[in-house]
Amino acid sequence: MILDFGKQGSFEYKVENYIYLNHDVIELNQRKMGILIPFQLLKFKEIIHKNPTRKNFEKLQRLLENDILKSIEANVKVGNITQEDATQLLELTRQLYKYLYDNYYEIGGCEDMKPLLDGAMELPLDKYRIRIDELEGKLASEKERADKMSVEAERLRKELEELKKNK
């Protein structure tokens, strides 16, 4: 590209193309491009479309489990991406996987493909978030119970005062 700055002159500007799907997950991690890792599933789109065999879907499953999910988790651990980024990446991965799975289903034979279980993409911090949600729910119900007891205690206090007055 030639950039013309008038009196200052013209400058040639070159942009290197980076063909994402020609690179593996390790290189993407080294280049701190972990945010793009779910797109590795697209490497299999054409392969599966042309040859939807059990072997190809097993390769897809291994890529998903060993490269994509573990890579997302590792990127969170080293601080390359946030937990929120990871959650979005996992959702994107799930959607891409579902897209490929649905295509395989249309041509028959989806029984050969393992479903992507929700727990298969659980990150270490997820269990803490789930536990926090459980505890917050328990706290809310205990607070509700305490409020009811407080109302009942107030009713009994008033009733006791009334009895004392009438004595």
- What helices (runs of 4 or more DSSP H) lie completely within the stretch 14-106 and have 1 or more residues being more than 30 Å from ILE130 (Cβ to Cβ), touching a Phe, Trp or Tyr at 6+ places or on another chain (Cβ under 6 Å) and not assigned by TED's automatic domain parsing to the domain that holds TYR128? none
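Against the condition without any contact (Cβ under 8 Å) to a residue 40 or more places away in the chain and loosely packed, with under 13 Cβ neighbours inside 10 Å, how does LYS32 come out, does it pass?
On the way: without any contact (Cβ under 8 Å) to a residue 40 or more places away in the chain: no; loosely packed, with under 13 Cβ neighbours inside 10 Å: yes.
The answer is no for LYS32.
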- Of GLY34, GLY108, the only residue that is modelled with pLDDT under 80 and at positive phi is GLY108
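The values are calculated or read from the model by the stated rules, or taken from the named source; none is laboratory data. None of these values were measured; they are calculated from a predicted model. Cβ atoms come from the backbone with ideal geometry, glycine included; neighbour counts cover every protein chain shown.
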